[in-house]
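Working notes, beginning with the structure itself.
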């Protein structure tokens, strides 16, 4: 599964070896135990990757092989490709932009909850984009 943690200024993408149901269940139990409000709702999350990032074309091919109802890639402009994911948004219910988005892109051959090949690849490309961005900002 993929977990995107959104904060006021950015987001962080993680690839976890849990099912969405297991992760949400654990999060709900935690919210109950600490008396915290929790809102879980179906949602979509999107983020940009550089269009010239090595591996973007391979990700497009992976996305076509994966569940097309979960992941979609579209060209924004000459510089960026938008990755859109369908899953679940968890927050305290306020209108703030802070929260967590979770989704699973399963391969048809998956029989366990290990991250799919597409999830691993998307996470790898996101990390590479972050590394490129930090090198650019240092220069």
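Taken together, the values in this text are just the output of simple stated rules run on the coordinates, not laboratory data. All figures in this text were calculated on a predicted structure; none of them were measured in a lab. Reconstructed Cβ throughout: ideal geometry from the backbone, glycine too, with neighbour counts over all protein chains shown.
What is the distance, in nm, between label points placed 7 Å from the Cα along the Cα-to-Cβ direction at residue 86 and at residue 127?
2.9 nm
Among 26, 118, 44, which one shows the biggest mean-square fluctuation in a GNM of the chain, springs joining Cα atoms closer than 10 Å?
Largest GNM mean-square fluctuation: 26.
Regarding the chain, what is the average projected area of its C-alpha convex hull, in nm²?
Details: hull surface 37.4 nm².
Mean orientational projected area (the chain, Cα hull): 9.4 nm².
Taking 8 Å as the Cα distance limit and 6 or more residues as the minimum spacing, I'd like the relative contact order of the chain as a percentage.
33 percent
At a Förster radius of 22 Å, what calculated FRET efficiency corresponds to the Cβ-Cβ distance of residue 44 and residue 95, to the nearest 0.05? Could you put the intermediate results ahead of the total?
Working: r = 17 Å, r/R0 = 0.78.
The pair residue 44/residue 95 has a calculated efficiency of 0.80.
So if we plug the beta-carbon distance of residue 5 and residue 51 into 1/(1 + (r/R0)^6) with R0 = 22 Å, what FRET efficiency do we get, rounded to 0.05?
Details: r = 25 Å, r/R0 = 1.13.
My answer for the efficiency is 0.35.
Build a GNM of the chain with springs between Cα atoms under 10 Å: which of 29, 70, 105 gets the top mean-square fluctuation?
For the chain, modelled as a Gaussian network with Cα springs under 10 Å, the answer is 29.
Cα atoms only: what Rg and Dmax, in Å, come out for segment 1-83?
Rg, Dmax (Cα atoms, Å): 15.8, 48.
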